[in-house]
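In what follows, a structure is listed as structure tokens, so that the remarks can point back to it.
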Amino acid sequence: MVRDTNRHFKFDWITIFLFFLLVGFGWLNILSASHTGVTLDYFDLSQPFGKQLIFIFLTFGLIILLLAIDAKFYERFSSLIYIISMLSLVGLFIFGKNVNGATSWYAIGGMTLQPSEFAKTATALAVAKYISDLNTNIKNFSDQIKTFAIIITPAFLVLLQNDTGSTIVYGAFFFVLYREGLPKYYLTLAVSVILLSILSLKFGAITTSIISIIVVISYHFLNKRKLRLYQLTLILIAALAVSFGVKFFYQSILQPHQQDRISLWLRLEKDPVKLQKMKQTFAYNLNESEKAISSGGLSGKGFMEGTRTTGKFVPEQHTDYIFSTVGEEWGFIGSSFVVIVFVLLLLRILHLAELQKSQFSRVYGYGVAAIVFIHFLINIGMVMGLIPTIGIPLPLFSYGGSGLWAFTILIFIFIKLDSNKINEW
């Protein structure tokens, strides 16, 4: 379905400019991360920068296709797109290729395709479609359950593929639902679970349970609106369940390498010998990343002049740790520039989302912003050691055709929807 040429469309060139600014600067850093001190052939397809350049060229054709399709197509066929995406995730258990311990890829000739990247867009479309339905009221519990099911299904399938990083991204949809009227007690519940989980791992389940009891009882007596006995009992039981359940989940469900990463982050390990071994094994990437970033100083060492980047001290530097290249070669100024561009992109998308006449377009716009934000937040936080190491790429920046095309589809569908807001819906 192509657009009707009798209708007027106005694309948001600010968003498009910010998109290509990030893609272009990202490619420069992929090029630098691949540099070893010898003369480079920019079109060397055996190198990540050469492959990424091909992906970028193909992206132009993908953009033209996305903008040529009628905006209504994305709403009408959002459910079908979602179903096809879920089937592609299920198919990985039969035809998937294992890469770095995760069965998240289809091998197509000499290329690989990661359907979990595209599933985020499909989920954003499905959530937007369901919430914007006339019969849906997100304040009703039954509609909340159905919406959660739409989000949890791909998250669960991705988790079964041992791709924890991509699973966490689906938590971004909480911001979307909250904007559309999800009751505030879900926010309180989410924050409470996170805090209880961290406290339980850090100080133990018994200590955390005692703290929980004191806090809940204090709230009951200090708040003018008293809790009923059954409410007080349920809250205490839930707090105790989380406190003891997190410990079980940590010790019995998580893989050893995942336990070690959380242990390093929260400084749980007391044995100095084992702690040092863990640092050498699991914190090596992080330590080298932090050294590379800090060595850049204010203005950086210069493009392709990063000694730690050229020396390949940081593993996976052209993918998950690409921001360390920015820190070393472009310094604080360059790093701040990247952060500012991402923030401007997010603010622009949110601004456009609020201008939409259609609830479907608004919800999808918030979904786009939420997904990009979570990727951006986790990747930057991971590289700087603020959160545990999680394998999540920096949107539009890290090497990878699946990631680039998935974010291109995600963003340009919204650009198309936004261009149609001046027409009748």
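With a 1.4 Å probe and every protein chain left in place, work out the accessible area per residue of the chain in Å², rounded to a whole number.
50
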- request: Evaluate the distance, in nm, between pseudo-label points positioned 7 Å from the Cα of residue 60 and of residue 73 along their respective Cα→Cβ axes.
  value: 2.1
HN-Hα J in Hz across segment 285-291 - Karplus 6.51, -1.76, 1.60, θ = phi - 60°, x for Gly and Pro: 4, 5, 4, 5, 5, 5, 5
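When the chain is fully extended, how far beyond the present Cα-Cα distance does residue 190 get from residue 80, taking 0.36 nm per residue of separation?
36.5 nm
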message: For a quick check, take a GNM of the chain with Cα springs below 10 Å and name the residue from 120, 226, 202 with the largest mean-square fluctuation.
response: 226
task: Starting from one equal scatterer on each C-alpha and no solvent at all, send me the Debye-based log10 I(q)/I(0) for the chain at q = 0.09, 0.11 Å⁻¹, two decimals.
output: -0.64, -0.95
Three semi-axes of the equivalent ellipsoid, segment 164-204, Cα gyration tensor, whole Å, largest first: 23, 15, 4
More than 17 angstrom apart: percent of Cα pairs within segment 277-425: 64
message: I'd like the distance between the alpha-carbon centres of segment 200-259 and segment 69-83, rounded to an integer number of Å.
response: 43
CD proxy at 222 nm, helix term only [per DSSP H run n ≥ 4: -39500 (n - 2.57); per residue of the chain; nearest 500]: -22500 deg cm²/dmol
- prompt: Given a 1.4 Å probe and every protein chain left where it sits, what share in percent of the accessible area of segment 331-425 is carbon and sulfur?
  reply: 72
message: 5 Å is the cut-off here: which amide hydrogens, built 1.01 Å from N in the peptide plane, fall below it relative to residue 104, excluding neighbours closer than 5 in sequence?
response: 97, 99
statement: The Cα extents of segment 329-405 along the principal axes, largest first and rounded to whole Å, are 43, 26, 24
- prompt: If the viscosity is 1.306 mPa s and the temperature 10 °C, what translational diffusion coefficient in µm²/s does Stokes-Einstein give for segment 170-254 when Rh comes from Kirkwood over Cα pairs?
  reply: 112
- prompt: Over all distinct Cα pairs, what is the inverse of the mean 1/r for segment 5-154, reported as the Kirkwood hydrodynamic radius in Å?
  reply: 18.8
message: Cut-off under 20 Å on the C-alpha distance; same-chain residues fewer than 8 positions from residue 421 excluded. Which lysines are left, in chain and number order?
response: 10, 72, 129, 357
- prompt: On the accessible surface of segment 128-225, probed at 1.4 Å, how many percent belong to carbon and sulfur atoms?
  reply: 72
query: So how far apart, in nm, are the two label points at residue 233 and residue 17 if each is 7 Å from Cα heading toward Cβ?
result: 6.3
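The values are calculated or read from the model by the stated rules, or taken from the named source; none is laboratory data. These numbers come from a predicted model, not from an experiment. All Cβ positions, glycine included, derive from the backbone under ideal geometry; neighbour counts span all protein chains shown. Remember, those area values only see protein heavy atoms, side chains included, never the ligands or the DNA or RNA. Shrake-Rupley method; radii C 1.70, N 1.55, O 1.52, S 1.80 Å.
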